[in-house]
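Note sheet for the following structure.
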Amino acid sequence: MIVYRITTDKWCRNLQASGNSARWNNRGSFMIYTAGSRALACLENVVHRSGEMSGRVYKVMLIEIPANLNIQEIKKASLHKDWKSLTNYSYCQQMGNQWLKEGITAVLKVPSVIIDEEFNYLINPQHNQFKKIKLADVEDFSFDARF
């Protein structure tokens with residue numbers, strides 16, 4: 001399976017996590033956020049970068065997760081009704097941090113907040129199977145000027 005991550009040219013050559021706080025992790029908990037499609041990766045950037053795309057060089061990272069690697073999943077049906085709310089970051093962060101702590105799988109499939117029935121894939125760079133996940137390719141990416 002190929003998953004996608006759009007980032008600036010500076011960060012596109014290595015699979016690494018910033019440790020910054022996000023929906024599924026607290027600050028200091030390291031996970032790599034990827035999306036199930038280029039389109040979802042694009043929308044994630046638009047939402048999180050607040051229009052700061054101009055003037056930078058972007059790349060899309062194609063990350064290969066081997067078919068034989070187990071993937072844990074958080075199903076939308078198991079989440080609170082208002083899990084998407086910004087006020088519920090801590091609710092999602094607890095689940096993501098727990099997944100990191102348990103260390104059962106190197107990849108966690110989570111529902112997208114932006115598009116129902118789409119998924120993001122979180123990667124634990126400290127998991128012992130992380131070395132099986134490879135950066136398959138890096139491609140140029142440009143955001144439409146209307147963003």
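Consider the stretch 99-113 and keep the residues that are more than 17 Å from A41 (Cβ to Cβ) and in a loop (DSSP other than H, G, I, E, B). The one that is nearest to the chain's Cα centre (by Cα) is A106.
Scanning the stretch 117-129 for residues that are under 17 Å from the mean Cα position of the chain (by Cα) and in contact (Cβ under 8 Å) with a residue 40 or more places away in the chain returns E118, F119, N120, Y121, L122, I123, N124, P125, Q126.
Taking into account only those residues within the stretch 26-55 that are more than 21 Å from V138 (Cα to Cα) and either touching a Lys or Arg at 6+ places or on another chain (Cβ under 6 Å) or of a type in the set (A, V, I, L, M, F, W, C) (or both), which is modelled with the highest pLDDT? Restricting to residues being more than 21 Å from V138 (Cα to Cα) and either touching a Lys or Arg at 6+ places or on another chain (Cβ under 6 Å) or of a type in the set (A, V, I, L, M, F, W, C) (or both), the top hit is F30. Here the strands (runs of 3 or more DSSP E) wholly within the stretch 1-90 that include at least 1 residues being among the basic types (K, R) and either touching a strand residue (DSSP E or B) at 6+ places or on another chain (Cβ under 9 Å) or at positive phi (or both) are 2-8, 58-64.
The values are calculated or read from the model by the stated rules, or taken from the named source; none is laboratory data. Values in this document were obtained by computation on a predicted structure and should not be read as measured data. Note: ideal-geometry Cβ built from the backbone for every residue, glycine included; neighbour counts use all protein chains shown.
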